[in-house]
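Novice: Questions regarding the structure given below will be posed in turn.
The values are calculated or read from the model by the stated rules, or taken from the named source; none is laboratory data. Here the structure is a predicted model, which means the values were calculated and not measured. Every residue, glycine among them, receives a Cβ derived from its backbone with ideal geometry; neighbour counts consider all protein chains shown. With ligands, DNA and RNA removed, areas are computed over all heavy atoms of the protein, side chains included. Shrake-Rupley method; radii C 1.70, N 1.55, O 1.52, S 1.80 Å.
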Amino acid sequence: MLDAKTLYIDGAWRASSSGATFTVTDPSDGSALATAADGTAEDASAAIAAAGAAQPAWGATSIAHRAQVLRGLHAAVIAHTEELAELIAAESGKPVSEAIGEIGYGAQFISWFADQATQAFHGEHYTDPAGTTRILTSRRPVGPCLLITPWNFPLAMVTRKLAPALAAGCTSVLKPAEQTPLTAIRLIELLNEQDVPPGVVNVVTTTQAREVSAAVFASPALRKVSFTGSTAIGGELLRNSSHRVVSTSMELGGNAPFLVFDDAAPDVVDGAIVAKLRNGGQSCIAANRFLVHDIVADEFTEKLVGAFSRMRVGTGRAVGTDVGPLIDSRAVEKVSAMVEQAVDAGARVAYRAEVPAGQGSFYPPTVLIDAPLNSPVYRDEVFGPVATVTRFTDEHHAVELANDTQAGLAAYVFSADLSRALRVAAALDFGIVGVNRGFVSTAAAPFGGTKTSGLGREGGLHGLEEYLETQYLSLPVDSPIV
Ligand code: ADP
């Protein structure tokens, strides 16, 4: 890693074919952490060629073997929690305590898919209604995958894709986000301590995402792309996938409403803080809009401001930090512009925190009230520590406001009346609904959205499906197999 050999292709660590490198920095203070290889289209072609060549043998390994590899990786990740947490905190800026949480979550995907692999490969055997055909189905790996991950969860976003790919028997090319490649590289080093042949997993670190991804798409070996990131890039990858009918899984942007009814329990504010400020709001399931019943809106806002004011804003690696910096200065500019626009249009600032001085890309945790419904801070994904509180008058109005978005990833409903909470949850056009809880992430649940928030599900009983396809054997009804 020190000599910038951060491309892992066909079982070997390599420098970029162009010799180019890029610097990975700590968003808490702008300091340089490491130099990574700036992979090229040529490197990407080599990576997908290696994945293609490794596919037949890896797909033919036993399920038990692949599950064992994953269990070994799970143990290694847990054993290296401290080191990985430091790395995540350094390159993403999130507090170490949250990085430790991410490792638990990221590791869950590895053990979950080790278990899933042993349960999900069952085919079927039956006869058609006319009694003329015997039907035999089997589950097979879809083939070499391109896995593109974002920077907000440098470990968990990788394991959520890589673990099911490995479990299913797929080989892959992983392209981690350029802001956070170091955790992914360390994960692959840990994977290499398991029994994984060359070419099964390849990693291309790069600042040239579009060129690298185009080179992978140009290969006939590619059968699947799994992407987590912005809706705009997801759309671009869907268009690329259409040319060769490559299978897709897309986890795209959200705009999560957080509904607070007049009978919500007092701990709704704890749920609000988790849903809003985990990773400084840089999560696609982050609460984006607090929709609060008119009767309790003032009291809720006051408590939310109280909770915001107790958050310690600081560097990711400092002990006791609750909210770290945003990922980079571009992100700070984007959030600042959104807030300024809302304030110019009439939103009131109920709270704005202080941020540490220095080079870090901090944005102050902020609570806004009465942001106009057409302002970007309300309509678009904020991806920062800014809460907007908007009032609703009744249940129908709440659902109408909540569903008035093209995004459909996560939503939250808080009400002591469980039948109301469930009724509202069912009316919400979102893939994930937290009912009286602000934390919904677990490897055991299907994560994914409706509308522009994506296609497919990751984790849960559905996550492995994304990496499998079905083959049907048609046999004469009197074939001697039964
Ligand atoms: P963000 O703006 O949050 O970084 P992006 O969608 O730009 O979200 O990035 C998510 C991932 O997609 C990152 O790994 C990034 O490098 C990659 N990416 C960005 N642009 C492209 C592209 N044109 N083709 C393929 N991958 C891309």
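Novice: Please work out if L368 is of a type in the set (A, V, I, L, M, F, W, C), out of contact with any His (no Cβ under 6 Å at 6 or more places or on another chain) and crowded, with 24+ Cβ neighbours inside 10 Å.
Specialist: In short, yes.
Novice: For region 122-149: of the residues being hydroxyl-bearing (S, T, Y) and part of a loop (DSSP other than H, G, I, E, B), which is farthest from L475 (Cα to Cα)?
Specialist: The extreme case among them is T149.
Novice: If you check T180, T171, which single one turns out to be crowded, with 24+ Cβ neighbours inside 10 Å, assigned by TED's automatic domain parsing to the domain that holds P150 and either within 16 Å of the ligand (Cβ to nearest atom) or modelled with pLDDT under 95 (or both)?
Specialist: When all the criteria are applied, what remains is T180.
Novice: While we're on this one: For a quick check of your reading of the model, give me the residue pairs whose first member lies in region 56-74 and is of a type in the set (V, I, T) and open to solvent by less than 60 Å² (accessible area, probe 1.4 Å), whose second is part of a helix (DSSP H, G or I) and modelled with pLDDT of 95 or more, with beta-carbon atoms closer than 7 Å and at least 6 apart or on different chains.
Specialist: V69/L166
Novice: Could you tell me which numbered condition R139 fails, if it satisfies all but one of (1) under 30 Å from S283 (Cβ atoms); (2) buried (at least 16 other Cβ atoms within 10 Å of the Cβ); (3) more than 16 Å from the ligand (Cβ to nearest atom)?
Specialist: Checking R139 against (1) under 30 Å from S283 (Cβ atoms); (2) buried (at least 16 other Cβ atoms within 10 Å of the Cβ); (3) more than 16 Å from the ligand (Cβ to nearest atom), the one that fails is (1).
Novice: Do we find that F258 is among the aromatic types (F, W, Y) and either within 25 Å of F362 (Cβ to Cβ) or in contact with an Asp or Glu (Cβ under 7 Å, 6 or more places away or on another chain) (or both) in this structure?
Specialist: yes
Novice: Then there's this: Name the residues in region 443-482 that are within 27 Å of V292 (Cβ to Cβ) and open to solvent by 10 Å² or more (accessible area, probe 1.4 Å), would you?
Specialist: Answer for region 443-482, where residues must be within 27 Å of V292 (Cβ to Cβ) and open to solvent by 10 Å² or more (accessible area, probe 1.4 Å): A445, F447, T450, K451, T452.
Novice: Is there a residue in region 159-166 that is surrounded by fewer than 24 Cβ atoms within 10 Å (Cβ to Cβ), away from the ligand (no atom under 14 Å from the Cβ) and either within 23 Å of L326 (Cβ to Cβ) or assigned by TED's automatic domain parsing to the domain that holds Q116 (or both)?
Specialist: No: zero hits.
Novice: What is the one condition in (1) in contact with a helix residue (DSSP H, G or I) (Cβ under 7 Å, 6 or more places away or on another chain); (2) more than 11 Å from the ligand (Cβ to nearest atom); (3) assigned to a helix (DSSP H, G or I) that S242 does not satisfy?
Specialist: Of (1) in contact with a helix residue (DSSP H, G or I) (Cβ under 7 Å, 6 or more places away or on another chain); (2) more than 11 Å from the ligand (Cβ to nearest atom); (3) assigned to a helix (DSSP H, G or I), only one is false for S242: (1).
Novice: Another question about this same structure. When P144 is evaluated against the numbered criteria (1) away from the ligand (no atom under 16 Å from the Cβ); (2) of a type outside the set (D, E, K, R); (3) surrounded by fewer than 19 Cβ atoms within 10 Å (Cβ to Cβ), which criterion, by number, is the only one it fails?
Specialist: For P144, the exception is condition (3).
Novice: Considering only residues of region 310-335 that are among the β-branched types (V, I, T) and under 21 Å from the mean Cα position of the chain (by Cα), which is nearest to the ligand (Cβ to nearest atom)?
Specialist: Among them, the one singled out is I327.
Novice: If I ask for residues that are outside any helix (DSSP H, G or I), near the ligand (Cβ under 9 Å from one of its atoms) and open to solvent by less than 30 Å² (accessible area, probe 1.4 Å), which ones from region 193-224 would you list?
Specialist: Selection gives T206 alone.
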